[in-house]
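The values are calculated or read from the model by the stated rules, or taken from the named source; none is laboratory data. The structure displayed is predicted, hence computed values, not measured ones. Cβ placement follows ideal geometry from the backbone for every residue including glycine, while neighbour counts extend to all protein chains displayed.
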Amino acid sequence: MRKILHGLAALAIVAGGTVMVAAAQDGNSAEPTHFPLLPPQEMSWSFSGPFGTYDKAQLQRGLKVYKEVCSACHSLNLVAFRSLEDLGYSEAQVKAFAAEYQIHDGPNDDGEMFDRPGKPADHFPPPFPNEQAAASANGGAAPPDLSLIAKAREVQRGFPRFVFDIFTQYEEGGPDYVHAFVTGFGQKPPAGVTIPEGTYYNPHFISGVSTHMPPPLSDGQVAYDDDAPQTVDQYSRDVAAFLMWAAEPHMEARKQVGFRVMIFILLFGVLVYLTKRKVWSDVVH
Amino acid sequence: MSGMQHSTYTPKSGIGRWVDARMPLPRLMYDSFVAYPVPRNLNYAYTFGGILSLMLVLQILTGVVLAMHYAANSDLAFNSVEGIMRDVNNGWLLRYMHSTGASFFFIAVYIHMFRGLYYGSYKAPRELLWILGCIIYLLMMATAFMGYVLPWGQMSFWGATVITGFFSAIPLVGDWIQQLLIGGFAVGNPTLNRFFSLHYLLPFMIAGVVVLHIWALHVAGQTNPTGIEVKSKTDTVPFSPHATVKDGFAMIVFLFIFAYFIFYIPNFLGHADNFVEANPLKTPSEIVPEWYFLPFYAILRAITFNIGPINSKLGGVLVMFGSIVLLFIVPWLDTSKIRSAVYRPWYKLFFWIFIADVVMLGWVGAKPPEGIYPMLALLGAIWYYAHFLIILPVLGLIETPRRMPNSITEAVLEKNGGSAHPAGAAAAPQTKG
C-alpha cells in the first residue's frame, strides 16, 4: 500500500515537473501575437507608496500638455472643471479656466441650442460631437476618452512580479504605460514586423505593433510656466501624472484615511490579542 | 451537546422574564452565542465562519448605500459608478470596500471550505451542514458574477456574454434558458436590469441559508482539529468569552489585510479592461473572469474535444458544473471513518496536492488557451475529478490511520507536554461560564 502510494506521488511529481519544463520552453514564433512588444519602464512617481501625494506643479504642467496637445483628439468626459481646484488653482482661476471653453447647451426658452462660456460645474467638452465623427476624423479609430486611461491600461506583470506588487503597493502600471506609450514612437520596427499603412510603430502599444495615433509630442512643443525641462520625456511624465489624478482624484485621501485606519486596526488588534491571551490563560488548548 | 436542549438562561429582570415567557429571543441568543459550548482546541482555521458573517454584513451594508447612487441602465451605469467614485461623499471608500470585499469574501470562504475538507467536517452527522454551505457558496458565485456585471465595463459585458453563453450549450432548452437569463438575444439593458435586481436579492437569500447553516451547526456542534466528538464538559469552553474574543481577534487580523488592499491597492484584484465602458462591437483581447472563478474557468476550457454525441462546449460546461456538484456529495465519497487529516497521513498529502492542483488550475485559467495551457488544464481537471472520485473513496478503505487520543482533552494535554500540566488545568474550563 505504502509503496503504491509512494509510486503514485512520485509519478505525479515527475509528470508535473515535465509539464512545467515544457511550459517554460513554449512560445517564440516570428510574427508577434502578444502585446506590448516591450514592457513599460517603471518610473518613480510622487504618488506611489503608502504616503504618496500628487505633485501639484506636475499636475498643472500635465493639464497644460493635455489642453494644448491631447485634447485636440481625446475627450476627458468624466472630469469637471470644479475638480481642478485639487491641482492647486483658486476658485477664481478655475472660473476663468472654465470660461475659456465654449459649452454646447440648450434648448433655451425659444427652443434653440446655443453655445455659452463654460462654468466650473461643466465637464471638459469633447473635441468631437460623437464617436462616429471622432472615428472618421482619425483614420477609422476613435481616440479613447482619457478620464480613466491611467487605470484602464495595464500590462500583465506575470508571476512572480504580481505577488511582489502586493508588498511594494505597485499600482502605477497605468501611468507607467502612458509614459512608455507616449515616448515609444520613432523606433525602427524589428525585421519581419509589417507596419500597416497609416499607422505608427510603437513597441509599447498594448494592442498591436502600431497605432493610428501619430507621435504626439516633440521637444519644446509646450511652453511651461515653471523651469521644468521642456522635453518629450518630461511632458509624458507630467501628462501621465495628470491622467492618474483624472482617473483617481481621491487617491491622496484614500491613502491618508488608510494610514489612520491601519494604525487603528493595529492598536485595536493588540488590545484584543492581549484580552484573548488573558481569557484563554487558564485553558490549555 | 446542543446548547438548545438544556438552556441555562435565567432572565434577571422582570421585563426579561416577561419577554422570555412570550418570545424567548434573548434565550436563543444567550444559548447560541454565550453559553454555547465549543471545543477547547479550535485553531484559527475555525474562525472563518465568523469572518464570513462579518463580510456578508459588510457587503450588504455597503451594497445598500451603493445602490442608492447607482443607475441600472446600460446608458448610465458606467458613469453612475464613476459618479460614486468622484462625487459621492466617501463613495470611493464604499465602492472599494464592496469590490475588494467580494474578493475577500471568497478568500475567507475558500479557507473555510478547505478547513472543512482538511478536518473532515462534512462527515456524519454534519452532511446537511456541509450541503447548506455548498448552497451558500453557489449563491455567492451567482451574486458575485452578477455584481461584476453592474459597473458595465468591458469585462462586465463580455464576462456576462461568455458565462450566459454556457447555458446555450444545454440541449433542447439551452437557448431558451440563455434568453431568459439575459432578457433578449444578446447581453444588453434587460440583462443589466435583471442582474441588478437579482444581485440585490441573492445576498438576503444567502443570509437565510446562513441561518440554516448555523442552526445545523448548533445541532451537531462544531468539529475540531482532532475530529473527535465532544465527550465531556472538559472538552469544551463556553462560546463567550473564549470563542468570541478569539473570533474577534481573527476578524481584526483579517480586516487589517482587507484594509491594506482597500486603501493601497484597491484595483489589484480587478481587471483594467473594466475601466473601459462596455462596447458590444469591440471584444477585449482576452476575456477572464474574476480570480475566484479561475479554477472553474480552466476546467471549463479543459475540454477541447468532442466526446461521442457531446461536443466540446457542452462537455466543458458539464465538467465545470460537475466539479461543483462533486462538492455536494463529498460526505458520501469519503469512506474513511476518521475525520481529521491530522490522523490520516496519506489523506493529508493528497489534500495538499489537491490544493496545489486547484492553484495550478487558477493560474491556467488566467492564461490564454494556447500552447501548453489546455493540456495543463486537462491534467488539472482530471486530477480534480480523481481526487474526489478515486482518491477519497479508495484512501478511506486502504489507509492506516495514526493512533488517536481518546478525547479532545487528552489530545490537548498530549500536545502541551502531557504530565507537565496538572489535571486541574484540564478541569478549569468546567468552572467557567
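Being within 20 Å of the chain's Cα centre (by Cα), β-branched (Val, Ile, Thr) and assigned to a helix (DSSP H, G or I) holds for only one residue in B:Ile391, B:Ile324, and it is B:Ile324.
With respect to the stated conditions, A:Gly208 is surrounded by 15 or more Cβ atoms within 10 Å (Cβ to Cβ), within 14 Å of chain B (Cβ to nearest Cβ) and in contact (Cβ under 8 Å) with a residue 40 or more places away in the chain. Is at least one residue of region A:211-221 within 14 Å of chain B (Cβ to nearest Cβ) and of a type outside the set (A, V, I, L, M)? There is no residue in region A:211-221 that is within 14 Å of chain B (Cβ to nearest Cβ) and of a type outside the set (A, V, I, L, M).
When residues in region B:349-364 are screened for being among the aliphatic types (A, V, I, L, M) and either facing chain A (nearest Cβ under 9 Å) or touching a Cys at 6+ places or on another chain (Cβ under 6 Å) (or both), 4 of them pass.
Among B:Phe104, B:Phe48, B:Phe145, which is more than 14 Å from chain A (Cβ to nearest Cβ) and within 30 Å of A:Trp280 (Cα to Cα)? Going through B:Phe104, B:Phe48, B:Phe145 in turn, the sole match is B:Phe48. Scanning region B:35-76 for residues that are assigned to a loop (DSSP other than H, G, I, E, B), in contact (Cβ under 8 Å) with a residue 24 or more places away in the chain and of a type in the set (A, V, I, L, M) turns up B:Ala35, B:Leu42, B:Ala72.
Scanning region A:157-170 for any residue that is part of a helix (DSSP H, G or I), within 21 Å of A:Val232 (Cβ to Cβ), within 12 Å of chain B (Cβ to nearest Cβ) and of a type in the set (Ser, Thr, Tyr) turns up nothing. Within region B:114-134, being under 10 Å from the mean Cα position of the chain (by Cα) and within 20 Å of B:Gly208 (Cβ to Cβ) holds for B:Gly133, B:Cys134.
Search region B:352-386 for residues being charged (D, E, K, R) and at pLDDT below 95, and hand back the single one that is farthest from B:Leu294 (Cα to Cα). My answer is B:Glu370. Entry remark, region B:361-382: residues being within 22 Å of the chain's Cα centre (by Cα), surrounded by fewer than 21 Cβ atoms within 10 Å (Cβ to Cβ) and not small (Gly, Ala, Ser) number 1 in total. Each residue in region B:84-127 was checked for being under 24 Å from A:Val261 (Cα atoms) and of a type in the set (A, V, I, L, M, F, W, C), and 13 pass. Among (1) free of Cβ contacts under 8 Å to residues at least 12 places away in the same chain; (2) within 21 Å of B:Trp291 (Cβ to Cβ), where does A:Arg157 come up short? Checking A:Arg157 against (1) free of Cβ contacts under 8 Å to residues at least 12 places away in the same chain; (2) within 21 Å of B:Trp291 (Cβ to Cβ), the one that fails is (1).
Restricted to region A:131-150, and to residues that are without any contact (Cβ under 8 Å) to a residue 60 or more places away in the chain and either within 14 Å of another protein chain (Cβ to nearest Cβ) or aromatic (Phe, Trp, Tyr) (or both), which residue is farthest from A:Glu172 (Cα to Cα)? Only one residue fits best here, namely A:Gln132.
The condition (being more than 30 Å from A:Leu76 (Cα to Cα) and in contact with a His (Cβ under 8 Å, 6 or more places away or on another chain)) is satisfied by just one residue among A:Val193, A:Val283, A:Val261, A:Val270: A:Val283. Considering region B:77-97, the residues that are more than 17 Å from A:Ala247 (Cβ to Cβ) and assigned to a loop (DSSP other than H, G, I, E, B) include one that is nearest to the other protein chains (Cβ to nearest Cβ), namely B:Asn90. The set of residues from region B:330-348 being surrounded by fewer than 17 Cβ atoms within 10 Å (Cβ to Cβ) and modelled with pLDDT of 95 or more comprises B:Trp332, B:Thr335, B:Pro345, B:Lys348.
Taking region B:398-417 as the range and being at the interface with chain A (Cβ under 10 Å from one of its Cβ atoms) and over 30 Å from A:Asp282 (Cα atoms) as the test, the residues that pass are B:Ile398, B:Glu399, B:Thr400. The set of residues from region A:222-268 being assigned to a helix (DSSP H, G or I), of a type in the set (Asp, Glu) and within 14 Å of chain B (Cβ to nearest Cβ) comprises just one member, A:Glu252.
For the criterion of being within 30 Å of A:Ser147 (Cα to Cα), in contact with a Gly (Cβ under 7 Å, 6 or more places away or on another chain) and crowded, with 20+ Cβ neighbours inside 10 Å, B:Thr143 fails.
Residue count for region A:40-86 satisfying the condition of being within 12 Å of another protein chain (Cβ to nearest Cβ) and acidic (Asp, Glu): 1. Would it be correct to say that B:Leu117 is in a helix (DSSP H, G or I) and surrounded by fewer than 20 Cβ atoms within 10 Å (Cβ to Cβ)? For B:Leu117, the condition - in a helix (DSSP H, G or I) and surrounded by fewer than 20 Cβ atoms within 10 Å (Cβ to Cβ) - is not met.
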